[in-house]
Amino acid sequence: MRVLNLGLRTTQQTTLFVKMPAANSTAILRIGTPGNFATVAFQGDTASTTLPVNDYVVALDSALVPSPSAPFTVTTDVDAIYMTAGAPDSDVCPLVVGTGRAIIMKDPKDPNPPSIASAGTAEEASFLASSRILLDMKALVDASSGKGAEDGAPPPEIHALLIGIDAYAPDTGRNGTIYRPLRGCVRDILEVERFLRGAGVPAERITRLVAPNPGGPGSELPQPPASWPTYDHIVSAWQRVMATARKGDVVYIHYSGHGGRSATLFPAFKTNGLDESIAPCDINQRAGRYLRDIEIAVLLKQMAQRELLTTLVLDSCYAGSATRGEDVQARRGDTDDFQPRASESADNSAVASRADLESMAKHLASTPRGLDETWRIDPGGAASSLVTVLAACRPHESSFEYAVDGKHRHGALTYFWLETLRQRGAAMTYRTAYRQTFARVHALFRDQSPVLCGASDRRVLGAATLAQPASIAILEVDGDHVTLAAGASGLLAVGTRLAVLPPELLPELADLPAMPQVEVTSVDATTARAHVVADFGDGWLPITLGAQAVVVSFAPTLRREVRWAPSRLASRAELTARAELESEIAADTSHAIGLATTDSAHYQVAVEGSRFAILDPAGSRLPNLRPEVGVTDPSAARTIKNRLVHLARFHNVQELTNTDPNSPLAGKLELSLHLADGDRASRATLPVQPIVPCNTEFYLKIRNRSTRPLSIAVFDLAADWGIEYVNRGTPLTLDSGTFVDLKLVTSLPPGYEQATDVLKVIGTLEHADFEWLTLRPLDQLHGGSALTEPTRTTRAPNGPFEELMALMHEPSHGQRKVALAASPTFGWTEAQVGLVVQR
């Protein structure tokens with residue numbers, strides 16, 4: 001676990017010592033400057049290194065935990081300014097600055113060791129306000145600790161609502177027995193409750209509604225009528241938990257049972273006539289009724305308005321096949337329920353009034369239109385920072401229950417979700433936990449792909465947020481071979497080399513060359529196979545499912561060449577600058593760029609006056625390379641080299657194209673731009689690369705012309721050389737022949753009067769991991785590495801949260817039946833459109 005996060009400013013050369021209470025070969029100490037971290041080895045119980053004048057981050061991971069009887073000690077031989085931080089899983093003030101020569105760490109949650117005085121000097125205040133390491137420090141700690149709560153308020157509490165249904169009463173009504181009994185749902189809920197109790201959640205803050213089979217799991221528990229998960233009991237329990245929780249509290253809701261589709265209560269807004277729903281235990285009976293998608297969306301909106309941090313886990317499905325024999329069963333009904341029920345209408349909902357429900361239905365029907373989706377957060381496109389939804393599968397898939405351990409039936413999602421959470425570390429965010437869960441579920445059931453929507457950077461069951469750098473998940477481990485969750489559609493190619501990190505380790509703090517490394521040997525559309533080429537033995541844990549891989553060296557096919565622009569007469573300063581830049585490029589291990597051996601090159605570098613310039617092949621200066629870099633600036637050569645690597649990554653994504661005319665998906669993804677006409681896209685299509693004023697709403701229409709459903713990833717390649725994953729946290733799936741109108745708003749970075757953006761859309765038959773393609777704007781590099789940049793996220797605005805919604809929207813009927821692509825080019829396609837934004 002992370003036991004020490006320390007910022008350090010040295011004003012003269014010093015030797016840093018870290019002493020542990022006992023020798024521990026698994027301890028990992030990292031020291032460095034932003035983008036340039038190295039691992040320092042322990043000799044016995046001590047590690048030491050000499051530090052020149054600079055700002056540093058020091059991070060220590062260890063199986064040992066400091067205590068008053070076994071403290072950790074950090075010392076310098078001269079005075080230094082220390083920025084200390086509690087562990088990322090602590091609930092204390094994260095950053096404290098003071099001057100001294102030693103820190104005695106007796107508790108990982110103590111941010112202010114006794115040997116450091118309170119901040120107060122001008123130099124200390126300057127360090128806290130201006131140090132380049134501040135962003136790194138904030139990425140390591142609970143940066144949101146205390147937000148949303150008044151000073152002095154107690155820490156957030158965790159409240160839970162757990163719903164498990166095995167026993168579905170047989171038919172006594174007109175619709176038939178649609179929902180068959182299950183055998184693993186109550187066991188799921190009992191295991192979730194056990195986990196929560198072990199995590200410190202008291203029994204009085206856990207509400208459990210279960211319907212066990214006679215003699216099955218949970219049948220020995222008291223079963224008062226109010227504990228049965230009927231529609232009324234589920235809604236009333238949900239509302240009680242919501243009313244009990246305070247602003248800023250954490251609410252965890254877990255449902256294991258059948259999902260289903262039934263005749264809609266909102267025909268004016270549901271074009272296919274169906275609602276997606278949770279199926280309560282009495283749904284087969286005459287008086288039974290569904291908890292519908294619109295009602296759940298309203299409940300989540302109400303929770304957001306109360307500023308509760310909500311997690312909803314749904315181990316059920318809404319499409320796919322009904323059963324897979326005796327051993328494996330899908331959690332959905334035998335058929336869609338087309339018969340209206342006399343017990344159900346929008347007028348007698350226990351959640352909200354007809355007007356409120358229809359207002360939500362209208363909103364979800366208009367933003368976005370034409371979208372086949374299971375669960376979504378904020379249809380406007382911005383993932384909420386308050387709500388996280390983990391659904392068991394994509395549209396067209398099934399959620400299975402199975403005797404995963406060979407003895408007892410569990411929902412596959414719940415089983416592996418709990419397995420992951422039991423191993424969670426300091427940096428276990430929802431995204432980290434999801435990646436490991438996805439890999440384990442997908443390894444067992446190829447046609448079950450869990451989906452994560454909403455706030456993925458929030459720590460599981462916590463209020464903290466932790467920025468997650470871009471990386472690629474490990475889906476399978478087979479001896480010295482691994483399968484990566486990205487392929488040809490994600491810019492991987494044979495020869496790409498990646499460092500493999502434990503799931504909880506932040507890439508920007510890792511000594512990547514010292515990590516186990518793999519090299520890609522073959523690629524498919526959405527996955528790649530790689531073999532281990534560098535393994536550093538017992539110092540690291542073995543590669544596991546859900547580990548993350550970071551590209552450290554690009555394939556030769558992605559390499560871009562650099563040459564010097566023709567120059568009449570170079571000054572001595574320019575010649576020196578050229579030599580330093582050439583040395584930096586030659587020493588760069590990413591292989592993203594290289595010195596050209598001919599007059600042809602992707603980039604030209606020139607010295608214009610006293611400053612560097614980067615030019616395109618025709619000699620035109622590339623725009624928006626900010627700030628300018630002087631020839632004599634400190635680290636100028638490294639800054640220009642990193643900019644060239646950044647530009648190479650940007651242009652590789654921009655030029656990513658499936659050129660195979662024989663691919664069945666060739667030309668099947670259509671894009672067009674439309675202005676807003678009220679609450680929907682106008683009929684008229686904007687011209688190619690239109691000029692659109694800043695702060696203008698517009699729609700990107702994405703249409704799937706293929707015969708198969710496509711998973712859709714949308715990227716904004718911006719004029720500031722950043723790449724943003726537009727629908728990160730809001731996965732999109734388009735069925736054959738359907739479309740989505742994605743509502744967007746134009747914007748310009750500060751200081752820009754006009755900019756050209758490219759919207760790139762990638763469609764795949766299988767799930768793929770695209771987050772590693774993201775890039776910060778180039779002017780945010782600050783001279784650091786261009787290979788381990790954290791992803792940017794778009795958040796819903798603070799305030800009354802009127803725009804926060806949750807959506808379950810019309811998944812197409814039928815099971816997905818897509819085999820692995822016969823060729824890397826057969827399983828994906830892409831398209832892009834550009835627009836000019838003008839102030």
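The values are calculated or read from the model by the stated rules, or taken from the named source; none is laboratory data. Computed from a prediction, not measured in an experiment: that's the story for all the values here. When we count neighbours, we look across all protein chains shown, and the Cβ atoms used for this are built from the backbone with ideal geometry, even at glycine. To get the accessible areas, we keep the full protein, side chains included, count just its heavy atoms, and leave off ligands, DNA and RNA. Shrake-Rupley method; radii C 1.70, N 1.55, O 1.52, S 1.80 Å.
Structural remarks
- In the range 681-696, residue farthest from Asp757 (Cα to Cα) [restricted to those that are open to solvent by 80 Å² or more (accessible area, probe 1.4 Å) and of a type in the set (Val, Ile, Thr)]: Thr685
- Subset of the range 698-744 (residues that are at positive phi and at pLDDT 90 or above): Trp721, Gly737
- Residues that are in contact with a Ser or Thr (Cβ under 8 Å, 6 or more places away or on another chain), open to solvent by 20 Å² or more (accessible area, probe 1.4 Å) and either among the charged types (D, E, K, R) or closer than 18 Å to Ala470 by Cβ (or both), drawn from the range 708-725: Arg708, Glu724, Tyr725
- For the range 322-335, the candidate set comprises residues that are assigned to a loop (DSSP other than H, G, I, E, B) and surrounded by fewer than 18 Cβ atoms within 10 Å (Cβ to Cβ); within that set, the residue that is modelled with the highest pLDDT is Thr335.
- Residues in the range 697-707 that are farther than 19 Å from Gly737 by Cα and surrounded by 15 or more Cβ atoms within 10 Å (Cβ to Cβ): Phe698 only.
- The selection criterion, being closer than 28 Å to Ala455 by Cα and open to solvent by 20 Å² or more (accessible area, probe 1.4 Å), does not hold for Thr733.
- Number of the condition not met by Asp633 [criteria: (1) touching a residue at least 12 places away in the same chain (Cβ under 8 Å); (2) part of a loop (DSSP other than H, G, I, E, B); (3) open to solvent by less than 80 Å² (accessible area, probe 1.4 Å)]: (1)
- Any hit, the range 665-680, residues being of a type in the set (Gly, Ala, Ser) and open to solvent by less than 20 Å² (accessible area, probe 1.4 Å): no
- Considering the range 547-621, the qualifying strands (runs of 3 or more DSSP E), each wholly inside and each with 2 or more residues that are hydrophobic (A, V, I, L, M, F, W, C) and buried (at least 17 other Cβ atoms within 10 Å of the Cβ), run over 548-553, 560-564, 603-608, 611-615.
- Only one of the listed residues (Tyr318, Tyr252) is under 23 Å from Leu162 (Cα atoms), under 32 Å from the mean Cα position of the chain (by Cα), modelled with pLDDT of 85 or more and aromatic (Phe, Trp, Tyr). That residue is Tyr252.
- Restricting Arg187, Arg132 to residues that are open to solvent by 40 Å² or more (accessible area, probe 1.4 Å), over 30 Å from Arg246 (Cβ atoms) and modelled with pLDDT under 90 narrows the list to Arg132.
- Filter pass, Ile178 being touching a strand residue (DSSP E or B) at 6+ places or on another chain (Cβ under 7 Å), in a loop (DSSP other than H, G, I, E, B) and open to solvent by less than 30 Å² (accessible area, probe 1.4 Å): yes
- When residues of the range 275-297 are limited to those that are open to solvent by less than 10 Å² (accessible area, probe 1.4 Å) and aliphatic (A, V, I, L, M), the one farthest from the chain's Cα centre (by Cα): Ile283
- Leading residue by the ranking (modelled with the lowest pLDDT) among those in the range 63-97 that are part of a strand (DSSP E or B) and polar (S, T, N, Q): Thr84
- Complete set of residues in the range 190-221 that are among the β-branched types (Val, Ile, Thr) and open to solvent by 10 Å² or more (accessible area, probe 1.4 Å): Ile206, Thr207
- The range 746-769 - residue that is in contact with a helix residue (DSSP H, G or I) (Cβ under 8 Å, 6 or more places away or on another chain) and open to solvent by 10 Å² or more (accessible area, probe 1.4 Å) and, of those, nearest to Val441 (Cα to Cα): His767
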